[in-house]
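Let me give you the structure first, and then I'll get to my questions.
The values are calculated or read from the model by the stated rules, or taken from the named source; none is laboratory data. All values reported here derive from a predicted model rather than from experimental measurement. Note: ideal-geometry Cβ built from the backbone for every residue, glycine included; neighbour counts use all protein chains shown. Accessible surface is based on the protein model in full, side chains and every heavy atom, while ligands, DNA and RNA are left aside. Shrake-Rupley method; radii C 1.70, N 1.55, O 1.52, S 1.80 Å.
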Amino acid sequence: MLGDLGTAGLAAGLSCATLTALLWLRVALLATPVRPARVATTATLLAAALACAVLEVALLRRDFSVRFVAENGGRHVPVHDTLTSLWSALDGSLLLWLLVLCGYAALLAHRRLPPRLQAYAMVVVSVVAAFFFALSSLAANPFRDVHPVPLDGPGPNPLLQQHPAMAIHPPLLYAGYLGLVVPFALA
């Protein structure tokens, strides 16, 4: 059930990101009101947050029917390491990447900038978000079912368990990398 909800969140995010890009393009070309585009941007952020939250819940519940949990979770793993397991492998890291990217998109959408500049920049950011939603939905879906369901998993990457700073290193790194999407889009 969690796998289906997570997959639905990714599909909703892909749809919302695509719609967001089209709405911002409409704003740029036709000078239409920005409110629908901002609402779609917020909906994209909520879809990314839903997907991340569902995967965290699956990790905390140790739901080994979800592929990512079966590959990166474990009954022997402490709660702190279970929470950071989200970014212990590529598929979960993409979800964190999407969450940070959509957060930056929402911040940019609500800034006071020249309307056409903001609209074109948001088209670029939304297309990038749609690409990563498509990548996460189609190629690296962490919510795929596992059959047969294992009784336990190997746990997260051992490097994440070695030092407590590894819990904050990937999120800070992603925040920095993805922050560069905004000046890229504005340029």
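Quick grid of which residues meet (1) within 27 Å of ALA105 (Cα to Cα); (2) open to solvent by 20 Å² or more (accessible area, probe 1.4 Å); (3) of a type in the set (A, V, I, L, M, F, W, C):
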residue	(1), (2), (3)
ALA129	yes, no, yes
LEU135	yes, yes, yes
ALA140	yes, no, yes
PHE143	yes, no, yes
PRO148	no, yes, no
ASP152	no, yes, no
GLY155	no, no, no
GLN162	no, yes, no
LEU173	yes, yes, yes
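Modelled with pLDDT of 90 or more, over 22 Å from HIS163 (Cα atoms), more than 13 Å from the chain's Cα centre (by Cα) and part of a helix (DSSP H, G or I): is that true of ARG116 in this structure?
In short, yes.
Then there is this: Return a yes/no flag: does segment 22-40 have any residue that is touching an Asp or Glu at 6+ places or on another chain (Cβ under 6 Å) and touching a residue at least 24 places away in the same chain (Cβ under 8 Å).
no
So, of the residues in segment 64-113 that are among the small types (Gly, Ala, Ser) and in a helix (DSSP H, G or I), which turns out to be farthest from THR44 (Cα to Cα)?
Only one residue fits best here, namely ALA70.
Return only the number of the condition from (1) touching a helix residue (DSSP H, G or I) at 6+ places or on another chain (Cβ under 8 Å); (2) surrounded by fewer than 21 Cβ atoms within 10 Å (Cβ to Cβ); (3) in a helix (DSSP H, G or I) that MET122 does not satisfy.
Single failed check for MET122: (2).
Also, I was wondering about something else. Is there a residue in segment 100-121 that is among the hydroxyl-bearing types (Ser, Thr, Tyr) and closer than 26 Å to PRO33 by Cα?
Yes, segment 100-121 contains at least one residue that is among the hydroxyl-bearing types (Ser, Thr, Tyr) and closer than 26 Å to PRO33 by Cα.
Continuing with the same structure: Scan SER88, SER93 and give me the residue that is closer than 30 Å to PRO148 by Cβ, surrounded by fewer than 21 Cβ atoms within 10 Å (Cβ to Cβ) and among the polar types (S, T, N, Q).
SER93
Let me ask something additional. Whether any residue in segment 69-79 is buried (at least 24 other Cβ atoms within 10 Å of the Cβ), farther than 30 Å from PRO183 by Cα and of a type in the set (A, V, I, L, M) is what I want to check.
yes
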